[in-house]
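Note sheet for the following structure.
All of the numbers you see were taken from the coordinates with simple rules; none came from a lab. A quick note: this is a predicted structure, and the numbers were derived from the prediction, not measured. With ideal geometry, Cβ positions are generated from the backbone for all residues, glycine too; neighbour counts draw on all protein chains shown.
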Amino acid sequence: MRLRKSWLWGGAALVLGLALGWSLAGPVAVFGQNPAVPGVARGLQPSLSPSPVSDAKLKVFAQALALIEEQYAEPKTTKDLVYGAIQGTLGTLDPHSSFMTPEEFRELQIETKGQFSGIGIEIALKERVLTVVSPIEGTPAYQAGLKPGDQILKINGNPAKNITLMEAVKMIRGPKGSKVTLTINREGFQQPKDIVITREIIPIRSVKARILDDGIGYVRVTHFQDKTDHDLQAYLKKMQQRLAPFKGLILDLRNDPGGLLEQAVRVSDEFLTTGLIVYTEGRNRNQSMRFYARAGQEGKVATVPMVVLINEGSASASEIVAGALKDQKRALIVGAKSFGKGSVQTIIPLEDGSALRLTTALYFTPSGVTINEKGINPDVVVEDKPLATDKSVQKLRDELLSQHMRAEGLTDKPWNQPITPEELAKDPQLKRAVELLRKWPPKNLAQHP
């Protein structure tokens with residue numbers, strides 16, 4: 001039985017190097033039996049016996065296909081025509097559903113296992129506009145100052161309007177050392193700007209950590225890929241040994257565009273001993289699942305006071321974690337409202353090696369709230385430092401880059417090197433999280449004990 005692969009990624013985001021955003025870093029068989037993740041159900045296979053109605057429609061399609069092959073002015077292969085028809089069909093659905101050729105599917109599987117060649121951004125179609133969800137820390141896109149919410153108007157001078165995510169990937173990806181020019185529109189820009197970025201090999205490390213001198217740990221999850229939970233567990237174990245007492249934990253999910261559904265569940269489970277984490281609902285009964293925390297697991301950090309940081313670049317899988325910890329009153333959520341992407345995509349391999357990426361369900365937080373188009377609202381709102389608008393383009397770009405690199409600056413040092421007051425002063429959201437933990441429990445927040 002072929003397993004279907006499912007994951008969550010901000011706004012159907014794609015990491016451009018080819019496409020890490022589809023996070024097949026060992027794409028988890030969420031619709032296959034997995035005893036380590038409660039509530040996982042086995043998926044149904046598509047029916048191979050079409051109904052009389054669908055059979056009649058297929059005859060019309062076959063007739064049209066034959067006429068095109070025989071009479072079209074230029075020769076076309078049957079494969080190209082069939083693939084085009086599939087792409088057209090998926091194009092009538094939501095912007096997160098798409099078709100992958102065998103080559104694209106193979107590249108997707110390879111490139112999301114830990115490194116790929118590209119510029120390192122996650123993109124989404126937001127209101128049909130190609131939009132940056134977030135750049136991956138330390139990548140060429142990150143260094144170039146791309147920012148969550150940036151609209152990509154052109155790619156190498158070619159309009160990006162009305163193109164699919166996969167078409168955008170094809171236009172932006174390329175070999176190491178080659179360049180791509182993105183025409184970016186951003187709030188505050190008087191006119192769009194061209195940004196030239198050199199493609200590189202992008203190694204991906206999804207978990208980073210630091211500590212504070214007063215027993216507070218800091219963990220940043222940049223995206224949810226295969227073994228993110230193992231990397232998180234390793235850092236938490238080190239913190240439990242190093243920090244005595246372990247007074248508080250900050251989980252930073254800012255600019256985390258998402259990833260694997262199973263990893264979102266596993267990461268949430270590290271901080272919970274009981275209760276619902278997330279549930280999904282789809283047309284198919286076996287696409288409706290409930291995921292619960294596991295009791296009795298060793299090494300959990302289930303009682304340490306905890307703050308989760310989110311912002312507008314936190315999407316999908318990161319919103320699952322934030323929503324679960326908020327609804328279960330396990331953590332205080334600090335920052336700005338998250339992206340709001342609440343659908344599940346399933347990868348369904350086809351017999352010739354191609355695959356469908358199909359939206360099959362919506363997910364809901366434990367309280368029954370869908371975040372799709374809504375996002376997670378923080379318990380404590382802390383906006384990032386506002387940007388001045390009366391500066392030169394270069395100065396504005398430098399300021400944007402400086403703000404966007406704060407979290408990277410925190411985590412490019414050894415994990416056991418304490419965060420300094422100077423570093424905290426540059427990051428108002430992190431600074432507020434530390435203040436809350438130092439005065440725990442929080443006051444005037446009735447939803448938290």
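Starting from the coordinates of the alpha-carbon atoms of region 168-213, obtain the Kirkwood hydrodynamic radius over all distinct pairs and give the value in Å to one decimal.
Values: mean 1/r = 0.0726 Å⁻¹.
Over region 168-213, the inverse of the mean reciprocal pair distance is 13.8 Å.
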Next item on the list: In nm, give the distance between the simple-model label positions of Thr370 and Glu103, each being 7 Å from the Cα along the Cα-to-Cβ direction.
Entry: 3.7
Note to self: Could you tell me the center-to-center distance, by alpha carbons, between region 285-340 and region 62-97 in angstrom?
What the structure shows: 42
Note to self: Please compute, over every Cα-Cα pair in region 179-287, the percentage with a separation greater than 17 angstrom.
What the structure shows: 68
Next item on the list: Using the structure shown, list the pairs from Lys147/Lys170; Lys126/Lys431; Lys208/Lys337 with a Cα-Cα distance above 28 Å, or answer none.
Entry: Lys126/Lys431
Item checked: Full-extension gain in nm, Glu70 to Asp194, via 0.36 nm per residue minus C-alpha separation -> 40.2 nm
Item checked: Order by protection proxy (mean Cβ within 10 Å, highest first), peptides 291-299, 126-134, 220-228 -> 220-228, 126-134, 291-299
Note to self: For Gly313, what residues show an amide H to amide H distance below 5 Å, using hydrogens built from the backbone and excluding near sequence neighbours?
What the structure shows: Asn255
Next item on the list: Pull out the extension gain between Ala234 and Asp94, defined as 0.36 nm times the separation in residues minus the alpha carbon to alpha carbon distance; nm, one decimal.
Entry: 46.6 nm
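Listed highest first by mean packing, meaning other Cβ atoms within 10 Å per residue, what order do 340-348, 55-63, 187-195 come in?
Working: 340-348: 23.6, 55-63: 10.3, 187-195: 12.0.
Per-residue Cβ counts within 10 Å, averaged per peptide and sorted highest first, yield 340-348, 187-195, 55-63.
Using mean Cβ contacts within 10 Å as the protection proxy, how do 140-148, 101-109, 72-80 order, highest first?
Highest to lowest by the protection proxy: 140-148, 101-109, 72-80.
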Note to self: Once you place label points 7 Å from the Cα toward the Cβ at Ala85 and Val380, how far apart are they in nm?
What the structure shows: 5.9
Check: Over what distance in Å are the Cα centres of region 211-238 and region 152-176 separated?
Finding: 34
Margin query: Under the 0.36 nm per residue contour assumption, what length would be gained going from the current alpha-carbon distance of Phe61 and Glu422 to full extension?
Written below: 123.4 nm
Item checked: Size of charge dipole - region 254-366 - debye, nearest 20, with Cβ of Lys, Arg +1 and Asp, Glu -1, no other charges -> 360
Next item on the list: Quick one: order Arg357, Arg438, Arg173 by neighbouring beta-carbon count within 10 Å, fewest to most.
Entry: Arg438, Arg173, Arg357
Notebook entry, point to check: Where in region 133-147 does the amide nitrogen come within less than 15 Å of the point 7 Å from the Cα of Thr181, taken along Cα to Cβ?
Noted result: none
